[in-house]
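Notes to accompany the following structure.
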Amino acid sequence: MALVRLRLLKKKGQAPEQRFALLDYDQVGLTLQRDTRALKLAAHNGIHILWQDPCFEAVLLHHLPDRTGHRPPSTSAAQPAIQRDWPGYRKPMLRADLARRIDHDAVLWAAGVEPDLEALLRCIGLP
């Protein structure tokens with residue numbers, strides 16, 4: 001999906017200099033051929049991979065007040081944790097719905113415990 005979006009942006013002359021993709025770490029190792037292909041495509045297209053360990057919902061928890069220290073060990077543990085701490089959460093969630101709950105401060109909280117997110121913020125010039 002990232003490559004399709006990148007091609008469209010290139011056609012419009014709007015491709016960003018810095019490129020990032022969020023990938024769930026729990027998917028690594030399931031299919032070696034897919035992993036190898038994804039890493040090669042990302043490198044070839046200048047895309048930095050940000051690993052969500054183990055999954056998006058686990059990282060999302062770190063954006064919530066007093067939850068930066070909570071790291072579910074698995075995707076199956078992250079799902080009930082996000083439902084408990086964010087009762088209205090559903091997957092997939094629209095960007096606007098996420099933005100109503102996740103503000104600048106929440107992103108900084110998460111970056112404090114998510115090294116890849118911190119690196120992304122530094123790269124784009126945010127503290």
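The values are calculated or read from the model by the stated rules, or taken from the named source; none is laboratory data. Just so it is clear, the model here is predicted, and its values are computed rather than measured. Virtual Cβ from ideal backbone geometry, glycine too; neighbours counted across all protein chains shown. Each accessible area value is taken on the protein alone, full model and side chains, heavy atoms only, with ligands, DNA and RNA left out. Shrake-Rupley method; radii C 1.70, N 1.55, O 1.52, S 1.80 Å.
Quick notes on this one:
- Calculated FRET value between Gln83 and Thr31, using beta carbons and R₀ = 25 Å, to 0.05: 0.30
- In the context of the full set of protein chains, the chain has a per residue accessible area of 67 Å² (1.4 Å probe).
- Between the entries (i) 55, 21, 19; (ii) 98, 28, 17; (iii) 42, 33, 25, the label attached to Cα extents along the principal axes in Å calculated for this structure is (iii).
- Relative contact order for the chain, counting Cα pairs under 8 Å that sit 6 or more residues apart, in percent: 22 percent
- Computed magnitude of the charge dipole of the chain (debye, nearest 20; Cβ of K, R +1, Cβ of D, E -1): 780 debye
- For the stretch 97-118 and the stretch 7-75, distance of Cα centres in Å: 15 Å
- Taking the accessible area of the chain, probe 1.4 Å, and keeping the other protein chains in place, the carbon and sulfur fraction comes to 58%.
- Computing FRET efficiency as 1/(1 + (r/R0)^6) for Gln18 and Val113, where r is the C-beta to C-beta distance and R0 is 25 Å, gives about 0.65.
- Extension gain (nm, one decimal) between Asp66 and Leu3, 0.36 nm per residue minus Cα-Cα: 19.1 nm
- Ranking Gln14, Leu126, Leu94 by how far each Cα lies toward the positive end of the dipole of the chain (charges on Cβ) leaves Gln14 at the top.
- Label-point separation in nm, Arg122 to Arg100, each point 7 Å along Cα→Cβ: 3.5 nm
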